[in-house]
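Engineer: Take this structure first; my questions come after.
The values are calculated or read from the model by the stated rules, or taken from the named source; none is laboratory data. Note that the structure is a prediction, hence the values are computed from the model and not measured. Counting neighbours? That spans all protein chains shown, and the Cβs are built from the backbone with ideal geometry, glycine included.
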Amino acid sequence: MATESASALSLLESWLTSRLSTEAQAWYDEKRASLSCDRDFYIAFALVPRKLGKADLIPTEDEGAACTGWDPSNWTVDQAARIALLLAGPEASFIGRLEKLCATGDVGELVTLYQALPLYPNPASLAKRAAEGLRSNVVPVFEAVAHRNPFPKRYFDQAAWNQMVLKALFIGSSLHPIQGLDARANEALAATLIDYAHERWAAGREVNPELWRCMGPFLNEARLEDVNRALASENRLSKAAARLALGAAKFPEPEEGEALSWEEIHQSLAPC
């Protein structure tokens, strides 16, 4: 097992040790000792929630982090245990087990598996598997890859990255939780998003204000008409987003209008 994955396994198991009852820990230890057998692994993986429960993990800063950018703040005990069992098995069995779990898993299992992408051995080789998660029309599965996950920022090529951002808008998912959104903005994405905005407007639909976050650095005179359309909108968030885009492009911002941050726009868009 690669060094980073071994470190992630050690961290996950330390979290479990401090949270499991004596009986639950004994069950985990017993199953961990029999991971060389595929049948035993799949049975244990399926039984984890029943045997260990689904309590919130709530890791603290003092407990460390498995890798930079990985966010387990919303994880549960069963999620940590399932990934620990997957990482603790023979390295030669890892890819086969991961692929089978992704092919047969329910929504909750898929969310767990995709959220853990940065923890797996040789993560750069898993870009295609991550892209499969993004193809899902089940929003929680898509967001397990796209949101609060450093994997896309690190390992997606530009085409895969741009497709992820576009699909997030298409399915009504927020852009704000995508790590690296500003750093990986690019001209090709800006052109695609302008076309997407035109399609929305032609259909009489609003454009998600977060779209302008990816447009700002690539605004030019030819695209100012589109930004002005957002500024003229009755939607206060669209107006504020257009102001931010103009600022990022070094164009003069309008003197009047509400000044909001991207965080504030995201929070205003989020459902109550």
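Engineer: Can you give me the number of residues within the stretch 74-94 that are of a type in the set (S, T, Y) and either in contact (Cβ under 8 Å) with a residue 40 or more places away in the chain or not assigned by TED's automatic domain parsing to the domain that holds E132 (or both)?
Structural biologist: 1
Engineer: So which residues in the stretch 159-215 are touching a His at 6+ places or on another chain (Cβ under 7 Å) and either closer than 22 Å to S233 by Cβ or buried (at least 17 other Cβ atoms within 10 Å of the Cβ) (or both)?
Structural biologist: S174, H176, I178, E210
Engineer: Is it true that some residue in the stretch 226-244 is on the phi > 0 side of the Ramachandran plot, in a loop (DSSP other than H, G, I, E, B) and over 25 Å from the mean Cα position of the chain (by Cα)?
Structural biologist: No - not one qualifying residue is present in the stretch 226-244.
Engineer: What about I43, is it out of contact with any Gly (no Cβ under 6 Å at 6 or more places or on another chain) and either surrounded by fewer than 14 Cβ atoms within 10 Å (Cβ to Cβ) or of a type in the set (D, E) (or both)?
Structural biologist: So I43 passes the test.
Engineer: Go through (1) in contact (Cβ under 8 Å) with a residue 40 or more places away in the chain; (2) over 19 Å from L189 (Cα atoms) and name the single condition T60 misses.
Structural biologist: (1)
Engineer: Here's something else I'd like to know. Is one or more of the residues making up the stretch 95-104 part of a helix (DSSP H, G or I), within 19 Å of L193 (Cα to Cα) and free of Cβ contacts under 8 Å to residues at least 40 places away in the same chain?
Structural biologist: No, because not a single residue in the stretch 95-104 is part of a helix (DSSP H, G or I), within 19 Å of L193 (Cα to Cα) and free of Cβ contacts under 8 Å to residues at least 40 places away in the same chain.
Engineer: A further question follows. Looking at R236, R243, R229, can you tell me which residue is free of Cβ contacts under 8 Å to residues at least 60 places away in the same chain and crowded, with 18+ Cβ neighbours inside 10 Å?
Structural biologist: R243
Engineer: Here is a follow-up. Considering each residue of the stretch 149-158, count those that are surrounded by fewer than 17 Cβ atoms within 10 Å (Cβ to Cβ) and either touching a Lys or Arg at 6+ places or on another chain (Cβ under 7 Å) or not acidic (D, E) (or both), and give that number.
Structural biologist: Qualifying residue count for the region: 2.
Engineer: Provide a single number: the residues in the stretch 115-146 that are under 23 Å from T192 (Cβ atoms) and surrounded by fewer than 21 Cβ atoms within 10 Å (Cβ to Cβ).
Structural biologist: 9
Engineer: Here are L193, L260, L244, L211: which of them is out of contact with any Leu (no Cβ under 7 Å at 6 or more places or on another chain) and at pLDDT 90 or above?
Structural biologist: Of L193, L260, L244, L211, the one residue that is out of contact with any Leu (no Cβ under 7 Å at 6 or more places or on another chain) and at pLDDT 90 or above is L244.
Engineer: Given the condition touching a Lys or Arg at 6+ places or on another chain (Cβ under 8 Å) and not aliphatic (A, V, I, L, M), answer yes or no: does some residue in the stretch 204-218 qualify?
Structural biologist: Yes, that holds for at least one residue.
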